[in-house]
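Worksheet for the structure shown next.
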Amino acid sequence: MSETTLHASTDRAQGSRNSRRLRTAGSIPGVVYGEGISPLPVSVDAKSFRTAVSGDQGLNTLIDLDADGQKFIVMARELQRHPVRGTVSHIDFQIVDPNKPVAAVVPLHMVGDAVEVRHADWEIDQQLFNLEVLSRPDKIPTHIDVDISHLTPGMAIRVGDVVLPEGVTPAGDPTISVVNTHAGRAAKTADAKS
């Protein structure tokens, strides 16, 4: 997993007026929190932050945050966005231990062709598009492939069925459906006629 360095300023004043001033100047207000420290208000350059999280890992990127000489290994955990423009208006940085598992949300990609489902005029219905996993920060996958080629009509793939990389475990309920199959319009029409 790639680590990226991001410089932060700790001299930001609190309050919405000061936060607006920061955003106008091209910075994003934020807070660093984690075990062993009290929440630390910071601000980061908006362009540098976008560059830091624009790689394959996205928000799961491990960031070396240099806050005016204080060094933290963090992940961007919660982004608040402007309701109209969609620009990031606030960031929560969580301090992480690179050797301990963290929770991360990873996109799911369906791969393969469910030939039997298609030939029976049934349809594939993807229920889950992201999966929360527990993993060491350097082992967080960029995405997880869900192979649907073995599906037959009436089958489902649940979280517990998804093949995860070594060192990665699902954080939620293993019985939740990732992919379901159901009768398509043509199959329903044929059943109705018979």
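The values are calculated or read from the model by the stated rules, or taken from the named source; none is laboratory data. It should be emphasised that the depicted structure is a prediction, and the values quoted were computed from it without experimental measurement. Note: ideal-geometry Cβ built from the backbone for every residue, glycine included; neighbour counts use all protein chains shown.
Identify the residue in segment 60-71 that is of a type outside the set (Asp, Glu) and under 22 Å from ALA103 (Cβ atoms) and, among all such residues, is surrounded by the fewest Cβ atoms within 10 Å (Cβ to Cβ).
Only one residue fits best here, namely LEU62.
Looking at segment 91-105, can you tell me whether even one residue there is over 30 Å from GLY30 (Cα atoms) and of a type in the set (A, V, I, L, M, F, W, C)?
Here is the first cut: in segment 91-105, the ones over 30 Å from GLY30 (Cα atoms) are none.
Scanning segment 91-105, I find no residue that is over 30 Å from GLY30 (Cα atoms) and of a type in the set (A, V, I, L, M, F, W, C), so the answer is no.
Just to be sure, is GLN57 out of contact with any His (no Cβ under 7 Å at 6 or more places or on another chain), surrounded by 16 or more Cβ atoms within 10 Å (Cβ to Cβ), within 30 Å of VAL178 (Cβ to Cβ) and modelled with pLDDT under 85? Talk me through it step by step, then tell me what you get.
Numbers: out of contact with any His (no Cβ under 7 Å at 6 or more places or on another chain): yes; surrounded by 16 or more Cβ atoms within 10 Å (Cβ to Cβ): yes; within 30 Å of VAL178 (Cβ to Cβ): yes; modelled with pLDDT under 85: yes.
Yes; evaluated as a whole, the condition is true for this residue.
If you check THR10, THR87, which single one turns out to be farther than 25 Å from ARG136 by Cα, surrounded by 11 or more Cβ atoms within 10 Å (Cβ to Cβ) and out of contact with any Asp or Glu (no Cβ under 9 Å at 6 or more places or on another chain)?
On the way: THR10 fails: out of contact with any Asp or Glu (no Cβ under 9 Å at 6 or more places or on another chain).
The match here is THR87.
Please give the strands (runs of 3 or more DSSP E) falling wholly within segment 78-176 in which 3 or more residues are of a type in the set (Ser, Thr, Tyr) and in the same structural domain as GLY30 (by TED's automatic domain parsing).
Values: elements: 88-95, 102-111, 122-126, 130-135, 144-147, 156-158.
Because the criterion is at least 3 residues that are of a type in the set (Ser, Thr, Tyr) and in the same structural domain as GLY30 (by TED's automatic domain parsing), no strands (runs of 3 or more DSSP E) in segment 78-176 meet it.
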